1. Give me a count of the residues in region 228-251 that are touching a residue at least 24 places away in the same chain (Cβ under 8 Å), surrounded by fewer than 18 Cβ atoms within 10 Å (Cβ to Cβ) and assigned to a helix (DSSP H, G or I).
2. Is there any pair linking a residue in region 272-288 that is free of Cβ contacts under 8 Å to residues at least 40 places away in the same chain to one that is surrounded by 19 or more Cβ atoms within 10 Å (Cβ to Cβ) and not small (Gly, Ala, Ser), with Cβ under 9 Å and at least six apart or on different chains, and which?
3. Out of 513, 501, report the one residue that is farther than 18 Å from residue 407 by Cβ, out of contact with any Leu (no Cβ under 8 Å at 6 or more places or on another chain) and surrounded by fewer than 18 Cβ atoms within 10 Å (Cβ to Cβ).
4. Considering 175, 197, 189, 145, which residue is touching a Lys or Arg at 6+ places or on another chain (Cβ under 8 Å) and closer than 21 Å to residue 105 by Cα?
5. If residue 221 satisfies every condition in (1) modelled with pLDDT under 90; (2) part of a helix (DSSP H, G or I); (3) among the hydroxyl-bearing types (Ser, Thr, Tyr) but one, which is the exception?
6. Does any residue of region 422-429 turn out to be part of a helix (DSSP H, G or I), open to solvent by 20 Å² or more (accessible area, probe 1.4 Å) and among the aliphatic types (A, V, I, L, M)?
7. When residues of region 208-236 are filtered for being hydroxyl-bearing (Ser, Thr, Tyr) and closer than 27 Å to residue 133 by Cβ, how many remain?
Amino acid sequence: MAIANASSAPILTADGVPLKVSLKRSMRRSKIRALLLILPAFLFLFVVFILPIGNLLTRSVDDALVNWQLPITFKLIGDWDRENIPEEELFRALFVDFTTVNKFFIQDNTGSSVNISDSAWWVTVPPKGPYREAIIQINPAWGDAVTWQPLKEIVDRSLEDTGNEKDNKHNQQRATFDLCSELTPLTNATCSKLFRALQNWDGNSSPDEPIFAAVYKDLASAQKILTGKSSTRMNYEQPGWKGLIRTSLRAFKKIEEPPYKEAMIKANKRWGEMPFWESLVLMKDTFTMGYYLNAVDRRFDVNKKIQLQSEERRVYVMLWWRTLLISCLVTVGCLVLAYPVSHLLATLPLRYSNLLMICVLMPFWTSLLVRIVSWMVMLQQQGVINDALVWSHLLSDENRLPMMYNFTGTVIVMIQILLPFMILPIYSVMKTIPPSYMRAAQNLGAPPSLAFLRVYMPQTLPGIGAGVILVFIVAIGYYITPDLVGGKDGRMIGNMIAYHMQKSLNWGLGAAMGSVLLGAILILYWIYDKLVGIDNLKMG
């Protein structure tokens, strides 16, 4: 009986803890340590990769900015019959949306929450004041100190002395942007007048006229920025919106009372044209697939049916095909040039292969811009290459080759820049192939060419696969080289994404094109996996 009890008793560790419990604790600690080890890498990946892609996908369908600009118009436009020019009520709503700052003070100011029966929308704030009474009439909450205190806290935090004059100045400058971000959907508007006014406010008493004057003037400036951003979006839906709004805003200052319809049409006859009003119907939703359609030369009509853009606006599909063609040509060109170089690197004696490897790596030690400018000097019609061809009598002086600012120049320069990315993976695989395999094949009677094709080259396919996918993915998103040497015929889709992000500020379209590019790369990656197999890809 004692023996049976002893065998059923739990096995204990030296400190008296059951072995099973001790093992569970040890496993738990090991898992926690493993998670802590990968946590920094995961956070880095999340911050620099997952979040930006999520932001990209969100911006590509976000149409909230124009809803901020035209809340009353979009609330009313759903009732428009779309058969005739809108009546006075819709003209009045559009006029108020473009000329007042009321939307910034009203709580329910976008989308379906807008209440057009609220008289606050129609309160007129005198451009030269007084401002306090009018703004409180729009929303009585702005007469309470509690409403202003969060804004006061932003100012107070920025005024905390950090001991560094440069940092103090930066914090105060940042606060002027943060104030406007609290009041508007804009991140690039500054509320410097409000910042200075809130500095002198005690934070408890009801704000006086100077603070209301400051907030009105800052928001009036923000309204101009918002109008400009919204008109860019509207202009892409219907060409002419941007110019229509820019010219009309000057005329709107002279309109003091209704009827607005006649006055607006008199200011610009395009207010009486149906296409401009129909395009507003397409923009009234907070989320849209219109940017994706624009990215492939399509658009919604007023009935939400997909149709082709007008012929003069069909440019993106051509750019997509050109980008794919250039990427394929560059990839093939790099492969053709890289394979023999990689073979030399792998088979030459060490002293020669090291010298050749330095030549391969040297482009990485030189600025990309310097390399591109060097090619610009070489490829121009009076450049080194054309001069050499003329000197060798292969070309006449009158028939110099045009290799700059065109398709040809883009392909040549991109091949040279991306060539090392093809050489290194192939070389790293070739270096691991024993030379004895080729000798054995030849000893068995195979000629050198057959031995190479049947024995050597199949073993290099993993390196070829790695180089091809690396070069192709880099090439398909390239935009610096095409921008400098491509001209009109060498422009790629990456150039248009950069243009919309930096110049036209149509971030929605730029994000949609970036998302399409990302999707295309993932599809091509999937096809590559099916045909070649990612498991066969090696980097050495």
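The values are calculated or read from the model by the stated rules, or taken from the named source; none is laboratory data. As the structure is a computational prediction, the values presented were derived from the model and not from experiment. Here Cβ is always computed from backbone atoms with ideal geometry, including for glycine, and neighbour counts include all displayed protein chains. Just so you know, the surface numbers come from the protein's heavy atoms only, side chains and all, with ligands and any DNA or RNA stripped out. Shrake-Rupley method; radii C 1.70, N 1.55, O 1.52, S 1.80 Å.
1. Residues meeting the conditions: 1.
2. Matching pairs, first to second residue: 275/238; 276/234; 276/238; 276/241; 276/244.
3. 501
4. Checking each option against the conditions leaves just 175.
5. (1)
6. yes
7. 3
So that you can scan it fast, the table gives a plain yes or no per residue for (1) crowded, with 20+ Cβ neighbours inside 10 Å; (2) touching a residue at least 40 places away in the same chain (Cβ under 8 Å):
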{"position": "171", "(1), (2)": "no, no"}
{"position": "184", "(1), (2)": "yes, yes"}
{"position": "188", "(1), (2)": "no, no"}
{"position": "201", "(1), (2)": "no, yes"}
